[in-house]
1. I'm trying to understand the selection: among the residues of the stretch 253-271, which are open to solvent by 90 Å² or more (accessible area, probe 1.4 Å) and either under 19 Å from VAL211 (Cβ atoms) or of a type in the set (Asp, Glu) (or both)?
2. Restricting to the stretch 163-215, count the residues that are polar (S, T, N, Q), assigned to a strand (DSSP E or B) and in contact with a helix residue (DSSP H, G or I) (Cβ under 6 Å, 6 or more places away or on another chain).
3. Taking the stretch 57-75, which residues are of a type outside the set (Val, Ile, Thr) and under 29 Å from GLY114 (Cβ atoms)?
4. Taking the stretch 233-245 on its own, how many of its residues are β-branched (Val, Ile, Thr) and either open to solvent by less than 20 Å² (accessible area, probe 1.4 Å) or touching an Asp or Glu at 6+ places or on another chain (Cβ under 7 Å) (or both)?
5. Determine which single condition SER201 fails, assuming it passes every other condition in (1) modelled with pLDDT under 95; (2) of a type in the set (Ser, Thr, Tyr); (3) under 29 Å from ALA42 (Cβ atoms).
6. Of all residues in the stretch 45-78 being in contact with a Lys or Arg (Cβ under 9 Å, 6 or more places away or on another chain), closer than 17 Å to ASP212 by Cβ and not small (Gly, Ala, Ser), which is modelled with the lowest pLDDT?
7. Name the pairs whose Cβ atoms lie under 7 Å apart, with the first residue in the stretch 81-109 and outside any helix (DSSP H, G or I) and at pLDDT 95 or above, the second open to solvent by 60 Å² or more (accessible area, probe 1.4 Å) and among the aromatic types (Phe, Trp, Tyr), and 6 or more positions between them or separate chains?
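The values are calculated or read from the model by the stated rules, or taken from the named source; none is laboratory data. This structure is a prediction, so every number in the text was calculated from the model and none was measured. All Cβ positions, even for glycine, are placed from backbone atoms using ideal geometry, and neighbour counts span all protein chains on display. Side chains are part of the model used for accessible areas, which takes the heavy atoms of the whole protein and leaves out ligands, DNA and RNA. Shrake-Rupley method; radii C 1.70, N 1.55, O 1.52, S 1.80 Å.
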Amino acid sequence: MNLRYSFSLVAALSLVVLAGCASGYKQFYQPAPGATLEAITARRPSPPPAVPIVERSQPSDAQAILDAYARRGYVMIGHAMFNSGKPESEDSAVRQAHEVGADLVLILSPKYTGSVTSAIPITTPTSTTSYSTGSATAYGPGGTVTAYGSGTTTTYGSTTNYVPFTVHRSDYGAVFFVKQRFGLGLFTRDLTDAERQVFQSNKGAAVRLVVDGTPAFDADILVGDVITSIDGVVVSSAKTFNELLRERAGKRVSILIVRRAQHIEKSVQLNP
């Protein structure tokens with residue numbers, strides 16, 4: 001076999017093997033900020049399951065997806081978003097979820113993005129052989145002598161043909177979550193300029209989301225409430241609110257909120 005042809009086959013086979021082994025869910029995995037193994041372990045109420053929960057969804061607004069899972073007590077620890085020209089199995093996403101310690105993986109349905117057509121050059125050896133015969137007559141004192149002969153000539157070369165192929169590409173994605181332990185169970189944000197005008201104050205933290213089944217949920221703290229103080233300490237921002245909660249983990253606290261111009265005090269037992 002021609003060596004050049006052999007190398008072409010080896011290269012093609014190598015590409016096929018690499019394409020079959022590489023997982024986009026692993027290759028393009030991006031951890032969430034601060035989602036180290038130590039941080040994940042410290043926040044979770046129990047060890048990860050042997051087999052992560054698998055859920056599926058159509059691609060949609062990223063914040064809406066995160067909020068929906070946050071209400072159920074799940075926080076994102078990482079994601080993988082990529083475009084591929086080969087089918088990606090859901091098993092690859094589940095293996096990646098297990099590897100990073102996720103409790104749940106949300107697999108987004110692939111979205112077709114177009115096709116790419118190209119061609120692969122295939123080089124094959126070629127050779128041509130020609131045959132020739134001839135005769136020669138020599139004259140001498142003793143008479144004439146005729147000699148006969150033949151020869152073979154082989155010419156080596158190669159031919160390159162281009163084999164067309166089409167690759168259908170799609171967007172793939174998966175989001176990886178862990179079930180988190182919450183002290184209170186609130187997601188807050190800073191006040192908008194309009195809210196500061198209404199409350200006539202720059203201070204406070206607005207409730208953006210309440211996690212189901214948490215102390216905040218059971219205390220009927222609602223989305224849209226504005227938290228102004230904890231145990232009499234003024235809450236100046238969402239960051240201050242989180243710091244005050246961490247200092248009081250596991251304790252009963254008094255939370256003052258403003259709801260529709262009314263001041264309401266809630267006594268809440270925080271989880272450790």
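1. Result: GLU265, single match.
2. So the first thing to find is which residues in the stretch 163-215 are polar (S, T, N, Q), and the list is 166, 170, 180, 188, 192, 197, 200-202, 214.
Applying the additional criterion that residues be assigned to a strand (DSSP E or B) yields 166, 170, 188.
Narrowing the set further to residues that are in contact with a helix residue (DSSP H, G or I) (Cβ under 6 Å, 6 or more places away or on another chain) leaves 188.
Qualifying residue count for the region: 1.
3. Let us first name the residues in the stretch 57-75 that are of a type outside the set (Val, Ile, Thr), namely 57-64, 66-74.
The answer is SER57, GLN58, PRO59, SER60, ASP61, ALA62, GLN63, ALA64, LEU66.
4. Residues of the stretch 233-245 that are β-branched (Val, Ile, Thr), as a first pass: 233-235, 240.
Cutting the leftovers down to either open to solvent by less than 20 Å² (accessible area, probe 1.4 Å) or touching an Asp or Glu at 6+ places or on another chain (Cβ under 7 Å) (or both) gives us 235.
Adding up the residues that qualify gives 1.
5. Against the list (1) modelled with pLDDT under 95; (2) of a type in the set (Ser, Thr, Tyr); (3) under 29 Å from ALA42 (Cβ atoms), SER201 comes up short only on (3).
6. This residue is PRO45.
7. MET81/PHE28; PHE82/PHE28
Each row is one residue, and each column tells you yes or no for (1) within 22 Å of LEU66 (Cα to Cα); (2) surrounded by fewer than 13 Cβ atoms within 10 Å (Cβ to Cβ); (3) among the hydrophobic types (A, V, I, L, M, F, W, C).
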site: LEU209; (1), (2), (3): yes, no, yes
site: ASP212; (1), (2), (3): yes, yes, no
site: PRO215; (1), (2), (3): yes, no, no
site: ASP225; (1), (2), (3): yes, no, no
site: ASP231; (1), (2), (3): no, no, no
site: GLU247; (1), (2), (3): no, yes, no
